[in-house]
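What follows is one structure encoded as C-alpha cells, with my remarks underneath.
Just so it is clear, none of the values below were taken in a lab; they were calculated from the coordinates. Computed from a predicted structure; not experimentally measured. A quick note on method: Cβ atoms are made from the backbone with ideal geometry, for glycine too, and the neighbour counts reach across all protein chains shown.
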Amino acid sequence: MSNNVVRVGVGVLIRDPLHPTKVFAGIRKNSHGSNTLALPGGHLELFESWEECAVREAVEETGLQLINVRFGHVTNDIMEAEKKHYVTIFMMAECQCTLTRPKNLEPHKCQGWESYSWDDLTRFAARSNDNEGDGSGCFEEVVPKLFGPLLKLVQETPQIVLDFLHER
C-alpha cells in the first residue's frame, strides 16, 4: 500500500443480545493498533456496499450473522505515528440469533470478544492516554486503550450511536 493513499475501514457496533446496551469488541493483535480495543471490522473491498462489508467482516471474525445493518457514523482517522490515514465507516447491527455468542475466528488478529457499554468505552477513552494508573496499588483495574478509530467515535459521541445502544 502506498503511504499517500487513504484507506476505507468499516467498524461494526454489534449489539450484544444478552446485554442490549453493550457492543462486542476485542483486543487487536499483530497489526497496527496492537493491544488496543477495537470493534469487529476491516477494509471495504472493491464494489462492496458498507452493509455487505459489515456482514462479511462480522462472519469472518466472530461467526455472528447480522440483521438490521445500518449506518452509524464516519470518522476521519489520521494516524501519523503509523503513517496511516483511514476513513472509518461505523455500521450498527443486531445478531440474528439472540443466544449466539461471538467466536474468536481470527485468534492471530484478536485476543477474543467481550461486550462493553458506552460508559465502559467512555471510561476507557478517558484513560487511553493515561493507562499507567496512579501507581497506588496492585488492585488497580486494567483499562484497555481504544483503537484510534474507536477512540475518535467515542470522543465524537454521535447521537445516533447513543440512541442505538439505548433502544430496546
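A few comments on the model shown:
- Two-site label geometry, Gln65 and Gln96: point separation in nm, points 7 Å out along Cα→Cβ: 0.3
- His32 long-range amide H proximity, modeled H, under 5 Å: none
- A Förster distance of 30 Å, applied to the separation of the beta-carbon atoms of Glu48 and Val142, puts the FRET efficiency at 0.25.
- Subtracting the Cα-Cα distance of Arg127 and Lys103 from their residue separation scaled by 0.36 nm leaves 5.9 nm.
- Rh by Kirkwood over Cα pairs, then Stokes-Einstein D for the range 1-40 at 0.890 mPa s and 25 °C, µm²/s: 202
- Compared with the direct C-alpha span, the chain from Arg56 to Asp119 gains 19.9 nm at full extension, assuming 0.36 nm per residue.
- Each residue in Asp16, Asp163 was given a count of other beta-carbon atoms within 10 angstrom of its own, and listing them fewest first yields Asp163, Asp16.
- Between His166 and Glu80, the contour length at 0.36 nm per residue exceeds the alpha carbon distance by 27.5 nm.
- Compactness of the chain, expressed as Rg and Dmax over alpha-carbon positions, Å: 15.6, 53
- Remark: the chain carries a charge dipole of roughly 220 debye about the Cα centre, counting +1 on each Lys and Arg Cβ and -1 on each Asp and Glu Cβ.
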